[in-house]
Amino acid sequence: MPTPPTAAKLAQQATDYTTMVRACLNQPKCLGVTFWGLSDKYSWVPDVFSGQGAACPFDESMQPKPAYTSVSNLLSS
C-alpha cells in the first residue's frame, strides 16, 4: 500500500487479505497462502517499491494489524 498507512488503508488491507484467504479455503486444490513477510519492520517491500510498504500482517512494533486479526478470525470460524 502507499505509505504512510492510514486507518482506511489498513481496513482495506484487512478486507483484501480476508478475501484472498477465503478464496483459497474455497478451492480444494489451494495448498496455502503466501504473505509478503511477517512484520513491516523487516519487510523488503519498501526497498523494492518506492513509496510502498506496510504489506505484512504485523506492524514495525510486531503488533498485529487489522489484516492479521481478520485472517485469524476467518481461520478460527
Low-density loop cleavage sites - trypsin sites (Lys or Arg not before Pro) in the chain, where at most 10 other Cβ are within 10 Å (DSSP): Lys29
Note, the range 67-77: 3J(HN,Hα) by Karplus (6.51, -1.76, 1.60, θ = phi - 60°), whole Hz, Gly/Pro = x, goes 4, 4, 4, 5, 5, 4, 5, 4, 5, 8, 8
How big is the shadow of the Cα convex hull of the range 1-75, averaged over all directions, in nm²? 5.0
If one compares the long axis through the Cα atoms of helix 7-25 with the longest principal axis of the Cα atoms of the chain, the angle in degrees, nearest 10, works out at 30
Of the candidates Val45, Val21, Val33, which one comes out as most mobile in a Gaussian network treatment of the chain with C-alpha springs shorter than 10 Å? Val33
Can you give the relative contact order of the range 16-76 as a percent, counting alpha carbon pairs under 8 Å and 6+ residues apart? 32
Taking 7 Å along the Cα-to-C-beta vector as the label spot, tell me the Gln63-Gln27 distance in nanometres, rounded to one decimal. 3.4
Given H placed 1.01 Å from N in the peptide plane, which residues other than close sequence neighbours of Gln52 have an amide H under 5 Å from its amide H? Thr3
Integer Hz, Karplus 6.51/-1.76/1.60 couplings in order for the range 49-62, x for Gly and Pro: 10, 4, x, 10, x, 6, 8, 9, x, 10, 7, 5, 9, 6
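Throughout, read-outs are computed from the coordinates displayed, never taken from laboratory work. Model, not experiment: these values are computed from the prediction. We place every Cβ from the backbone using ideal geometry, glycine too, and count neighbours over all the protein chains shown.
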